[in-house]
Amino acid sequence: MSRRHTDITGRVLMITVLALTTVPVVAEPQMVGFQAASAAWKPPPGMLAALQRDLHITVEQAQARLLNEARFTPIEAQLRRRLGDRFGGSWLMGSRSQILVVATTDPADLPQITAVGARGEVVSRSLARLGATLGEVDAALATHPNGRVRYVDVRTNKVIVLSDAPSITEDVIEAADVDLVAVRVMSSIEKPRPLSDLLGGDVYYIGGTANHCSIGFSVLRGTQSGFVSAGHCGVAANTTIGVDRVRQGVFQASNFPGSDFAWVSVNDGWTPRPSVKNGSGGIVSVAGSRA
């Protein structure tokens, strides 16, 4: 499973759609009881630990956030449909994500927002308008070396651009006739790069061709990350591209015919995971073996 993420300070933690049993809409925000909710849903392995690590919260807070996100998901979807083109986005507040805020461009929508347990906020631009502005900014900066990080921030009701040359980036955007009132250019030296997981069973491509094989499982040789695969897939020095068509690694050794075994070292954009796809949509944990 590939993951792509950019580490942006202050970025809003958006509502996660979780597959749970139907949760009734309530009039006032309230915490979901841990024992009752845990019987209906258990987070995937590692999710709680990741939330603790990345958000600097306790396991109880992490569990509460997930449960509240699940509870608010149908409420947010309902309000999004009702508000239509007046919908200005939504976000969660509180250390346990216990408050759902829904934005609208029309003050007349506030009563129906609060009636289902959310907090309403009036904004100048709809989410659709912000999306259109982001598209205009993307087009304006398509060939510009700065401002590579661009996203809609529903809390500020603006399009955010991170650039190591803010004034130059603003000039480029303004020259493209984009409404600068709806855009905020922030100084940043961040250089985002794609990151991906190594999962057993995922496809990879050999030598920039359509020829492909599957990852066996992730391995570590000292500090070097990689994976094992079949020897007939490639020979030493062949390069590989991942399932998401991103540069991945190089065959270090291959034995075929014979044991039909090979190992591939990967670049630092790939993280080995102790997991293998089981062929039916599930994941099997595989870890601890040494050779």
Explain nothing, just the number: dipole magnitude of the stretch 41-181 about its Cα centre with +1 on each Lys and Arg Cβ and -1 on each Asp and Glu Cβ, in debye rounded to the nearest 20. 840
Need the list of lysines near K158 for cross-linking: C-alpha distance under 28 angstrom, and skip anything on the same chain fewer than eight residues off. K191
With the cut-off at 1.5 for a/c, could you classify the stretch 105-156 from its C-alpha gyration tensor as rounded, prolate or oblate? prolate
So if each residue of separation counts as 0.36 nm, and I subtract the Cα-Cα distance between A176 and T58, what length gain in nm does that give? 37.9 nm
Give me, ordered by chain and number, the residues 5 or more places off V286 or on other chains with an amide H under 5 Å from its own placed amide H. S275, V276
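For R80 and D197, what is the calculated FRET efficiency with R₀ set at 35 Å and r taken between the beta-carbons, to the nearest 0.05?
Once the sixth-power term is evaluated, E becomes 0.70.
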For the stretch 47-105 and the stretch 203-275, what is the separation of their Cα centres, given in Å? 39
Charge dipole of the stretch 144-283 about the Cα centre (unit charges at C-beta), most positive-ward option of H144, L162, Q248: Q248
Net dipole in debye of the stretch 196-285 [+1 Lys, Arg Cβ; -1 Asp, Glu Cβ; about Cα centre; nearest 20]: 20
Identify all aspartates and glutamates with a Cα-Cα distance to K277 below 18 Å; exclude those on the same chain that are fewer than 8 residues away in sequence. D197, D202, D244
Whose amide H sits under 5 Å from the amide H of R119, counting only residues 5 or more places off or on another chain, with H placed in the peptide plane? L100, V101, V102
If the viscosity is 1.002 mPa s and the temperature 20 °C, what Stokes-Einstein diffusion coefficient in µm²/s follows for the stretch 149-291 when Rh is the Kirkwood radius over Cα pairs? 120
What does the net charge come to around R148 if you take all other residues with beta carbon closer than 9 Å to its beta carbon, with K and R at +1 and D and E at -1? +1
What does DSSP give for the stretch 34-122 in terms of the percent of beta bridges that are antiparallel, rounded to the nearest 5? 55
Dipole-positive endmost among S229, V203, Q112 within the stretch 105-237 (Cβ charges, Cα centre): S229
Looking at the stretch 34-122, what % of the alpha carbon pairs are farther apart than 19 Å? 45
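Each value in this text was obtained by applying a stated rule to the coordinates, not by laboratory testing. Just so we're clear, the structure is a prediction, and the values are computed from it rather than from any experiment. Methodologically, a virtual Cβ is constructed for each residue, glycine included, from the backbone with ideal geometry; neighbour enumeration extends over all protein chains shown.
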